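The values are calculated or read from the model by the stated rules, or taken from the named source; none is laboratory data. If you're wondering where the values come from, they're calculated on a predicted model, not measured in any experiment. Virtual Cβ from ideal backbone geometry, glycine too; neighbours counted across all protein chains shown. These accessible areas exclude ligands, DNA and RNA; they are computed on the full protein's heavy atoms, side chains included. Shrake-Rupley method; radii C 1.70, N 1.55, O 1.52, S 1.80 Å.
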2 protein chains.
Amino acid sequence: MTYTVHINVMPLKELLDPQGKAVLSGLGNLGLNAVEDVRIGKHITLQINAGSEKEARQIAEEASRKLLANPVMEYFEISVKN
Amino acid sequence: MTYTVHINVMPLKELLDPQGKAVLSGLGNLGLNAVEDVRIGKHITLQINAGSEKEARQIAEEASRKLLANPVMEYFEISVKN
């Protein structure tokens with residue numbers, strides 16, 4: 001069965017996010033001053049062929065640890081849909 | 001009140017995603033052959049000061065249309081938490 005797994009890879013909360021700061025400034029220039037903070041990361045969708053949701057999640061975790069996220073600067077969150 | 005709004009900006013489904021294809025190939029090289037497809041976009045978190053969830057969503061939609069997403073190549077999805 002094929003599971004759709006969503007992974008968010010985000011900059012660690014204690015780190016500055018220069019891309020987010022640039023977008024925050026751009027939104028201010030557009031008059032969108034209600035936006036107080038912006039953080040930008042990656043959204044990755046995987047199609048995983050697995051026997052169970054648990055197995056799909058394990059594969060996504062391994063992919064995140066080995067390739068998708070840099071633990072020095074980023075953390076990741078995984079959610080699975082079937 | 002401050003609302004946390006999550007926006008996913010993803011490449012349109014009918015378009016090739018070269019970054020996703022590169023990651024798919026990299027996962028294969030790591031032995032993660034259960035992954036059948038990868039698509040990569042942006043995950044953006046906004047902190048929005050708004051009077052209601054509806055207003056926060058409207059501001060996020062305006063930000064997405066005006067700055068965050070390129071409609072020629074990307075679509076966006078918004079979800080709001082308070």
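Cβ-Cβ contacts under 7 Å between residues 6 or more apart (or on different chains), taken from a first residue in the stretch A:7-33 that is on the phi > 0 side of the Ramachandran plot to a second residue that is open to solvent by 70 Å² or more (accessible area, probe 1.4 Å), are absent.
In this structure, does A:Tyr3 turn out to be more than 9 Å from every other protein chain (Cβ to nearest Cβ) and under 15 Å from B:Val38 (Cβ atoms)? Criteria met by A:Tyr3.
Considering each residue of the stretch B:58-70, count those that are surrounded by fewer than 19 Cβ atoms within 10 Å (Cβ to Cβ) and in contact (Cβ under 8 Å) with a residue 60 or more places away in the chain, and give that number. Don't jump to the end; show me each part of the working.
First pass over the stretch B:58-70, keeping only residues surrounded by fewer than 19 Cβ atoms within 10 Å (Cβ to Cβ): B:58, B:61-62, B:65-67, B:70.
Now drop any that are not in contact (Cβ under 8 Å) with a residue 60 or more places away in the chain, which leaves none.
Qualifying residue count for the region: 0.
Considering the stretch A:28-57, the residues that are at the interface with another protein chain (Cβ under 10 Å from one of its Cβ atoms) and in a helix (DSSP H, G or I) include one that is least open to solvent (accessible area, probe 1.4 Å), namely A:Ala56. Considering only residues in the stretch A:16-27 that are open to solvent by 30 Å² or more (accessible area, probe 1.4 Å), out of contact with any strand residue (DSSP E or B) (no Cβ under 6 Å at 6 or more places or on another chain) and at pLDDT 95 or above, the one that is nearest to A:Val72 (Cα to Cα) turns out to be A:Pro18.
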